[in-house]
Amino acid sequence: MKARRSLLKGFGGYLPDRIVTNDDLATSGLETSDEWIRARTGIAQRHRAGPEDTAVSMAVAAGRQALEYANATPDDVDAIIVATSTPDQAFPSTAVRVQGELGMTSGFGFDVAAACSGFIFALSTADALIRSGQARSALVIGSEVYSRILDPEDRSTFVLFGDGAGAVFLQATEDGGGQGIVSTHLHSDGRHGDLLYVDGAIGQKDKSAYLKMQGRDVFRHAVAKLSSSVDEVLEANGLKYEDVAWLVPHQANLRIIDGVARKLHLPPERVVITVDRHANTSAASIPLALNEAVRDGRIRSGDLVLMEALGGGLTWGAALARI
């Protein structure tokens with residue numbers, strides 16, 4: 001009997017209409033400049049949620065796009081897994097709200113909270129459900145509204161993040177011709193939880209609920225851990241750096257992305273970059289970048305794609321897939 005694999009059949013994304021440039025931030029009273037932000041992060045602009053945008057509404061829009069791309073309907077979905085650190089409610093989960101908005105009356109859904117690594121964790125979970133036979137298909141979504149947890153007076157974090165949602169639709173196959181998710185690799189180290197966190201929760205009403213980050217330490221861990229994840233993926237699958245067609249990294253900082261690309265010996269034209277236009281959309285960044293590169297024709301059927309991310313926790317991981 002052939003082993004099941006998870007094919008990436010659909011891709012979708014949603015970005016709020018409102019665009020905030022670096023100059024907009026500088027003229028709003030924040031002590032910063034376009035030059036300062038670009039030099040340190042590579043970011044030129046970001047999308048910010050409007051009053052009508054929520055984690056659920058953005059996830060629904062991205063999910064519908066992914067289903068349309070795959071010529072599928074909500075009735076074809078067995079599982080919805082949403083990666084988010086900014087849910088609209090403590091519960092019900094964002095995933096079941098999406099399930100309701102899509103009009104689904106069967107299947108199941110739940111959220112995954114792993115900060116910027118959330119999409120990799122959700123993708124790995126969906127792949128495991130499909131491989132085990134518990135689901136025949138899954139809608140995996142990253143949806144974030146980080147603008148609502150940022151301190152507007154903290155230029156070290158306020159300039160870094162944007163809002164948006166990205167999605168992929170996975171479908172089981174027993175004869176994918178080598179296509180599908182090859183392997184996923186997950187890690188966390190709670191000893192470093194205070195390097196990147198949100199100081200507040202539903203049970204802590206007196207907290208400010210703003211994102212806090214030790215930027216230099218996070219940068220150092222990101223370069224080291226993401227590079228080791230690259231080696232782990234390739235070693236596990238008997239591959240070399242040159243076998244990877246595309247790197248689709250978490251879009252946190254252009255310098256981090258460049259460092260990992262050099263590790264892979266990948267030229268810039270083989271790295272999908274959206275951080276300049278989207279900023280850091282946390283769990284939404286990889287599926288948004290993947291959606292863009294598939295739809296504009298850069299990533300094609302048969303390409304081997306490496307995705308990797310690091311987020312608060314610390315959490316980090318990588319996924320290898322043949323599109």
Of the listed residues (305, 218), the one being at pLDDT 95 or above, among the β-branched types (Val, Ile, Thr), in contact with a strand residue (DSSP E or B) (Cβ under 9 Å, 6 or more places away or on another chain) and not in a loop (DSSP other than H, G, I, E, B) is 305
For this session: Please verify whether segment 16-29 includes one or more residues that are in contact (Cβ under 8 Å) with a residue 60 or more places away in the chain and either surrounded by fewer than 17 Cβ atoms within 10 Å (Cβ to Cβ) or of a type in the set (Phe, Trp, Tyr) (or both).
Result: no
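Which one is surrounded by the fewest Cβ atoms within 10 Å (Cβ to Cβ), of the residues in segment 30-70 that are charged (D, E, K, R) and assigned to a helix (DSSP H, G or I)? Walk me through it before giving the result.
Within segment 30-70, the subset charged (D, E, K, R) is 31, 34-35, 38, 40, 46, 48, 52-53, 64, 68.
Subset that is assigned to a helix (DSSP H, G or I): 34-35, 38, 40, 64, 68.
Details: 34: 16, 35: 10, 38: 14, 40: 17, 64: 20, 68: 14.
Selected residue: 35.
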Those residues of segment 285-308 which are more than 18 Å from residue 170 (Cβ to Cβ) and either surrounded by 24 or more Cβ atoms within 10 Å (Cβ to Cβ) or in contact (Cβ under 8 Å) with a residue 12 or more places away in the chain (or both) amount to 285, 292, 298, 300, 308
Check: Looking at residue 226, is it touching a residue at least 60 places away in the same chain (Cβ under 8 Å), buried (at least 17 other Cβ atoms within 10 Å of the Cβ), in contact with an Asp or Glu (Cβ under 9 Å, 6 or more places away or on another chain) and not in a strand (DSSP E or B)?
Finding: yes
Apart from one, (1) farther than 16 Å from residue 171 by Cβ; (2) in a loop (DSSP other than H, G, I, E, B) all hold for residue 134; the odd one out is (1)
Filtering segment 131-158 for residues that are at pLDDT 95 or above and charged (D, E, K, R) leaves a count of 3
When segment 77-111 is checked residue by residue, the ones that are in contact (Cβ under 8 Å) with a residue 40 or more places away in the chain, of a type in the set (Val, Ile, Thr) and within 18 Å of residue 165 (Cα to Cα) are 80, 81, 82, 84, 86, 94, 98
Legend entry - Residue in segment 159-176 that is assigned to a helix (DSSP H, G or I) and either at pLDDT 95 or above or surrounded by fewer than 18 Cβ atoms within 10 Å (Cβ to Cβ) (or both) present: no
Note on residue 6: of the conditions (1) modelled with pLDDT of 95 or more; (2) under 30 Å from residue 105 (Cα atoms); (3) surrounded by fewer than 23 Cβ atoms within 10 Å (Cβ to Cβ), unmet is (3)
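The values are calculated or read from the model by the stated rules, or taken from the named source; none is laboratory data. Everything numeric here is computed off the predicted structure, so don't read it as measured data. Neighbour counts are summed over all protein chains in view; Cβ atoms, including those assigned to glycine, are modelled from backbone coordinates with ideal geometry.
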